[in-house]
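Worksheet for the structure shown next.
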Amino acid sequence: MNAIHSIGCIGCGNMGAALLEGFAKKDKALSLYGYNRSPAKVERLAPLGIIQSASPDELARTADLVIVAVKPYQVPEVLSKIREALRKDTLLLSVAAGIPKATLARESGTARVIRCMPNTPATVGKGIFALAFAQEIPSAIQTAILDLFSLLGLALPLPESKFAAFSSLIGAGPAYVVTMMQGMVQAGITLGFTEKDSRRMVTALFEGTAVWAQAKEDHLMALRDAVSSPAGLTIEGVNVLERKAFAGTTVDAVLAANARALAMEKSWHTLRPIKNLWPSAWSTLQTATRESSYCCRPRCGTLCRISAFFCQKQQRTRLPACTGHNHVLQFVKLIAMGPTPRMWEYPAFRHKRLLYLAINL
Ligand SMILES: NC(=O)c1ccc[n+]([C@@H]2O[C@H](COP(=O)([O-])OP(=O)(O)OC[C@H]3O[C@@H](n4cnc5c(N)ncnc54)[C@H](OP(=O)(O)O)[C@@H]3O)[C@@H](O)[C@H]2O)c1
């Protein structure tokens, strides 16, 4: 199979829905399927011709390319559900941040895996996608997938070793850009424009400047010189940016994000089934899912059964729903990450008490 005729997406939240929507608009010949825990998110996509699958395994049996677009800590659970259903020639692509190809292959049982890192503008059809392909995927198929993602923005093949760098520069990039935008909007307000007008002008400025820079081959500094007349107003503003080391500060911001990305990649590399890594926590989790019978947020299924279990063990009738839910999410994240030396630094693990409960019960 070289051509991709059908795509299915498990998890149709912000990113999953944006991908399906983009493919639906750009390639009418594709058959598109969606599965989401809360079905309403797929129902919303029906007018675009996206078909709701009854279950993740039905989707996995149907689609040539299966996209997993759930939160990273939810990926192992989804992969375990579709493991048996994946065909030999199915391609599995994950957009989950930080999950390596090796983990995808191990948890799904297929070697035909692709790790993809999109950035947020992908949700409006202007994304940048880095794609790392398993070597088992023939180059003709790699090209077909790059062509497919090019419909939604810029798609680049990238070795996995560069994903942390890509995430720090391009994944986090929109945050740097909107920070500069905010400064300019504030300046506009200071100069007497309304916030609304200032924002409209500044966003159009960024869009126009990006298109202009893309159209020219000149060095960016030559473009800057071109708009800075001698003794003019622009060079006065540019001089202030230079004195404040604006370019150097931007480099430092990206390098700081990169250091964090490398630390996070390292902790995901330790992702192993908790069963082997941490048997006591695993058996507690299993007991929790088996023994509890009530649920503080019915829609949450297993997660809340675990939450209920901890409530019972603490001899409380129930924790306030959202507190219990958050604790459980933190616990599940912890399980997904595995115990790493730095895990206490991760904000989700502040509720150490739950962890102690888990391993001491
Ligand atoms: N958003 C971005 O800009 C961006 C950028 C780069 C990478 N990513 C990656 O994209 C992934 C999704 O992010 P997002 O922002 O789209 O998150 P999101 O809006 O929360 O979407 C996740 C979706 O997955 C669904 N889901 C959870 N567990 C499921 C299961 N077992 N079966 C089926 N569906 C399930 C959720 O359904 P419910 O609503 O029912 O819970 C939700 O609709 C993440 O891994 C993230 O790292 C996102």
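Please treat every number below as a calculation from the coordinates, not as lab data. In this text the structure is predicted, and so the values were computed from the model without any measurement. Note that we place each Cβ from the backbone using ideal geometry, even for glycine, and neighbour counts take in every protein chain shown.
List of remarks:
- Relative contact order (%) - criterion: Cα under 8 Å, at least six apart; region: the range 6-162: 20 percent
- Taking each of 81/126; 126/196; 101/126; 41/162; 26/71; 216/244 in turn, the alpha-carbon distance tops 29 angstrom for 81/126; 41/162.
- Cα-based shape type of the range 87-200, given that a ≥ b ≥ c are square roots of the gyration tensor eigenvalues and the cut on a/c is 1.5: prolate
- Going from the fewest other Cβ atoms within 10 Å to the most, the residues 101, 244 appear in the order 244, 101.
- Other-chain or far-sequence residues with amide H under 5 Å of residue 9's (modelled H): 33, 34, 35, 67
- Above 13 Å, the calculated P(r) of the range 172-240 contains 72 percent of its Cα-Cα pairs.
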